[in-house]
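The values are calculated or read from the model by the stated rules, or taken from the named source; none is laboratory data. Predicted model only: the values in this text are computed from it and were never measured. A quick note on method: Cβ atoms are made from the backbone with ideal geometry, for glycine too, and the neighbour counts reach across all protein chains shown. The area values use the complete protein model at the heavy-atom level, side chains included, leaving out ligands, DNA and RNA. Shrake-Rupley method; radii C 1.70, N 1.55, O 1.52, S 1.80 Å.
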Amino acid sequence: MSCDSDPYIFTTDTLPSDQRFLPPLANGLLGWRVYNNIMHMGSVYNGEGGHCHRADVPCPLAVKIATEEPAQHTYSLNTHTGIFTHTIGSAEVTVSQSLYSHRFYPNLMVMEVLLVRHVPSEQPVIVNLDSSFTPQSKDIVFESGPDYKGGSHIQGHTTTAEFPGGSCPTVHLIWTPIPSTLMLTPDQSQARWGFFLVAANSLDFAKASFDEGLNLMATGNLRPSHEKAWKELWLQSTVEVVGSESLCKALIGCMFYLLSAFPSIHDSSSSFGGVSPGGLSNGGDGQDYWGHVFWDQDIWMYPGIALFYPKLAQAVLEYRVRTIDGAKDNAKKQGYKGLKFPWESAVSGREVCPQDIYGQQEIHINGDVTLAFQHYLYLSEDLSMFREGRGSEVIYGVADYWVSRVTWHPDDQKYHLLGVMPPDEYYYNVNNSVYTNTVAQLSLQFAVELADLLQHPAPKEWQEVADKIKIPFDQESQYHPEYEGYTKGHAVKQADTVMLGYPLGVSMSPQVRRNDLEAYEPVTDPNGPAMTWGMFAIGWLELGEAEKAQRLLEKCYKNIQGPFQVWSESSDGSGAVNFLTGMGGFLQAVLFGFTGFRIQKECLAFSPLLPDDICELCVRGVNYLGSQMDWLLRKNEVCIILREHEGSAGDTKVANLQVVLKASGVKIPLTAGQPITFPREHGCVCKVDSTSYCWPL
C-alpha cells in the first residue's frame with residue numbers, strides 16, 4: 001500500500017482514551033501535551049540530586065473548545081507545520097482551534113480560534129472555552145506580577161537547587177488572557193482570535209518576547225513564521241518509503257517528534273538542555289525518568305538527526321561540554337581522574353540518578369558521549385568544535401577516566417573494567433562488559449587520533465590501555481558473551497552485545513555477527529524497551545537478510561500508540577511516553593539499516609538492501625562534509641543527487657565527492673545538481689576524492 005492520503009497529517013475523530021497519548025508539541029525549549037494544564041521548560045528542574053526533576057510549569061493554553069449544538073469533531077496533527085487542530089463542524093458553522101509551540105521563537109506557545117459561518121443567520125455563534133489552567137505549581141513558588149501590555153504575568157523560582165550552593169531557576173510567564181466564550185455576531189461571516197504565552201528566565205527577555213509576539217500578531221506573521229521554520233526543517237531532511245503506509249507514517253512521526261525535541265537551527269543562545277527519553281512534554285516528578293538526559297540522547301536520538309543537521313548535532317555536543325565541570329566532580333567523587341558523565345544528567349552534569357548503582361556502574365555513558373563527538377568529526381571535519389568548542393576536553397577527559405578506572409591483570413596481561421552494569425540492566429556488578437570495554441577502547445583510540453590531529457601530546461597510557469583492554473570472546477562458541485561469566489541463554493533486557501556490530505562498528509566475521517544475533521534475539525525480553533529490535537534489524541540487514549530484519553522491525557509497531565504516532569517505552573503501553581529513544585532506534589534501523597550508511601573516518605559507506613514490501617526509500621538531505629545529498633533507493637538501483645550547499649560566507653561550497661562501487665571498483669564523480677544512477681550493489685562506498693585523502697577502501 002502506498003501513502004495515498006497525506007502521511008504527514010495524523011487525523012482522527014476520537015481522542016485516545018489514555019491522555020498520555022495525546023500529541024506533544026515542543027520546540028526544543030517548551031514542551032506541552034495538548035490540553036494538559038502542565039508544560040515544561042528546558043533546563044528548568046526542581047529538586048536536589050536524585051530528587052531532581054523537570055519542574056511543572058502551569059500552562060495558560062490548557063483550553064478545550066465546545067459548542068452548544070451537536071457537531072462533528074475532528075482532531076489532526078499536521079507534522080508539515082507542527083500544528084494540532086481541533087475542528088467542530090456542522091452545516092451552519094465550522095470552529096477550529098489550533099495549537100502550536102512556535103518553531104522559530106521558542107519562548108512562544110500559541111492558540112488560535114477561527115469561526116466560519118456557512119449560512120446566514122440572525123443568531124450569534126457562541127463557542128465555550130473551557131480552561132483547566134491555574135497559575136500554581138508544586139515546583140515553583142509563583143507570585144503575580146504587574147500586567148504587561150494587556151498580558152497577565154506571574155513570576156517565580158523553583159524551590160530547591162540541583163546541588164548545594166546551586167541556583168534555583170527563575171520562570172516568568174506572560175500570556176494574553178483567554179475569555180470563557182467567543183462570539184461570532186450575526187453580521188460576521190468569520191472571525192479569528194489569537195492567544196499566546198511567553199515563558200522566559202528573566203523579566204526583560206519575557207517582555208521582549210511578548211513584544212515580539214504582539215508584533216507578529218499585528219503583522220499577521222505569527223503563524224506564517226512558525227510554518228516557515230518547519231518547512232525549512234523538512235527541506236533539509238526527508239525519510240519516506242513507498243510500499244508500506246504504516247512504515248511511512250511511523251518514520252514521519254519519528255522525525256517530527258525528534259526534531260521537536262531539538263532547538264531551532266537558527267538558535268545561537270547555547271542554552272539547549274539536552275534530550276530526555278520522554279521529550280520536553282514529560283518528565284515531572286516520578287514521570288518518564290524525571291526529564292533527565294541519558295545515553296539515549298547520544299546513542300539513540302543523535303545519529304538520525306546528526307546525519308542531516310550539523311547545527312543540531314552541535315547542540316547535543318555543546319550540552320555535554322557545558323556539563324564538563326559536573327563530570328569532573330563525578331569522577332573525583334568516585335576516586336578517578338578525568339570526566340565521568342552522569343548516567344542521568346540535568347543542567348550541571350552532576351549525577352542526579354535516584355539510585356546510586358546506575359551512576360556508579362553504568363559507566364559506558366562515557367564512551368557513548370565520545371562516540372557522538374567522533375561521528376560529528378567524521379561527518380563534518382569540523383575541528384573548531386574540538387578546539388574553540390572544548391570538545392577535546394571531553395575526549396581527553398574521558399580517556400583519562402578510562403585509564404584510571406581499569407585494573408591490570410597480570411594473569412592474562414589485560415586491563416579489566418570491574419564492577420560495572422552493562423546496557424543490559426538485568427545484570428550489575430559484573431566484570432568486563434563486552435559493550436563497556438569495547439566503547440572504552442574506541443574512545444581511547446579516538447582520543448589518540450584527535451590528539452594527533454590537534455598536535456596535542458597524548459599520554460602513552462591511552463594507546464596502551466586501548467591495545468590491552470580485555471574484550472570477552474568465546475572461542476568455542478564463536479560469539480561475544482555479554483560479560484565475563486555470562487551464561488549463554490540467560491535472559492537479557494535489551495540490545496547490548498549486538499550493538500558491537502552497529503553502532504560500534506567492531507570488525508568481525510559474518511559468522512560471528514550471526515552467532516551474536518542468534519544467541520541474544522531469543523532471550524531478549526519481548527517487553528523490553530522499543531529501540532532494541534532496531535539494532536537486531538540492522539544486524540540482519542548487514543548479513544543480507546532483509547525479511548528477518550523487517551519482521552523484527554514490525555515488532556516496534558506495537559509501541560506506536562494511535563492515532564498520533566506517539567510511542568510508549570513498552571509494547572503494552574507502559575513506561576515512558578513519548579519515547580524518543582524508541583523512535584531513535586527505529587529511525588536508525590531505516591537510515592543505517594536499509595541504506596547501510598556507516599560513518600567512517602575515511603568515507604560515508606553504504607550498502608543498501610530493502611525488504612520485499614518496500615519498493616522505494618527516499619532519504620533527502622544527508623549532510624556529509626558540508627555537502628547535502630539526496631538518495632533514492634529502489635530494488636535494483638541507487639540514485640544520488642548532490643545538492644549545492646551554501647557556505648557561511650554565502651559562497652557555494654561543494655565537497656569533491658565520488659562514489660566508488662565496491663564490487664567493480666568503478667568511480668563515479670558527483671556533480672552538483674546532476675543525478676547519478678547505478679545498479680544496486682550490496683556493498684558500495686561514497687568517499688572523498690582520493691586526491692584529498694588516501695584512506696584504503
Problem set entry | Leading residue by the ranking (farthest from residue 289 (Cα to Cα)) among those in the stretch 511-530 that are among the hydrophobic types (A, V, I, L, M, F, W, C) and within 27 Å of the chain's Cα centre (by Cα) | 517
Problem set entry | Residue that is more than 29 Å from residue 235 (Cα to Cα), modelled with pLDDT under 95, of a type in the set (D, E, K, R) and open to solvent by 10 Å² or more (accessible area, probe 1.4 Å), where the choices are 356, 285, 325 | 285
For this session: Consider residue 519 carefully, then state whether it is touching a strand residue (DSSP E or B) at 6+ places or on another chain (Cβ under 8 Å), of a type in the set (A, V, I, L, M) and either in a loop (DSSP other than H, G, I, E, B) or open to solvent by 30 Å² or more (accessible area, probe 1.4 Å) (or both).
Result: no
Exercise. Pairs under 6 Å by beta carbon, first residue over 15 Å from residue 201 (Cα atoms) in the stretch 142-166, partner open to solvent by 50 Å² or more (accessible area, probe 1.4 Å) and in a strand (DSSP E or B), six or more apart or different chains?
Worked result: none
Exercise. Which one is nearest to residue 162 (Cα to Cα), of the residues in the stretch 334-350 that are aliphatic (A, V, I, L, M) and open to solvent by less than 40 Å² (accessible area, probe 1.4 Å)?
Worked result: 346
Problem set entry | Among (1) in contact with a His (Cβ under 8 Å, 6 or more places away or on another chain); (2) of a type in the set (Ser, Thr, Tyr); (3) under 18 Å from residue 535 (Cβ atoms) - the single one residue 627 does not satisfy | (3)
Seminar exercise, completed: residue 33 passes all but one of the listed conditions (1) open to solvent by 40 Å² or more (accessible area, probe 1.4 Å); (2) within 20 Å of the chain's Cα centre (by Cα); the exception is number (1)
Problem set entry | Answer from 228, 311, 207 - the residue that is at pLDDT 95 or above, of a type outside the set (Gly, Ala, Ser), under 27 Å from residue 138 (Cα atoms) and in a helix (DSSP H, G or I) | 207
Exercise. Tell me, which residue of the stretch 111-124 that is closer than 22 Å to residue 62 by Cα and aliphatic (A, V, I, L, M) is nearest to the chain's Cα centre (by Cα)?
Worked result: 111
Exercise. For residues in the stretch 570-615 being assigned to a strand (DSSP E or B) and either of a type outside the set (Val, Ile, Thr) or in contact with a strand residue (DSSP E or B) (Cβ under 6 Å, 6 or more places away or on another chain) (or both), which is most open to solvent (accessible area, probe 1.4 Å)?
Worked result: 598
Problem set entry | Matching residues, the stretch 378-401, being within 14 Å of residue 452 (Cα to Cα) and crowded, with 18+ Cβ neighbours inside 10 Å | 386, 392, 395, 396
Seminar exercise, completed: When every residue in the stretch 125-147 that is open to solvent by less than 40 Å² (accessible area, probe 1.4 Å) and farther than 17 Å from residue 39 by Cα is compared, the one modelled with the lowest pLDDT is 125
Exercise. Name the pairs whose Cβ atoms lie under 9 Å apart, with the first residue in the stretch 41-67 and buried (at least 24 other Cβ atoms within 10 Å of the Cβ), the second among the acidic types (Asp, Glu) and not in a loop (DSSP other than H, G, I, E, B), and 6 or more positions between them or separate chains?
Worked result: 54/288
Problem set entry | Within the stretch 1-92, strands (runs of 3 or more DSSP E) holding 1 or more residues that are within 17 Å of residue 288 (Cβ to Cβ) | 24-26, 30-33, 38-41
Seminar exercise, completed: Within the stretch 490-505, the residues that are open to solvent by 30 Å² or more (accessible area, probe 1.4 Å) and either without any contact (Cβ under 8 Å) to a residue 24 or more places away in the chain or farther than 20 Å from residue 362 by Cβ (or both) are 505
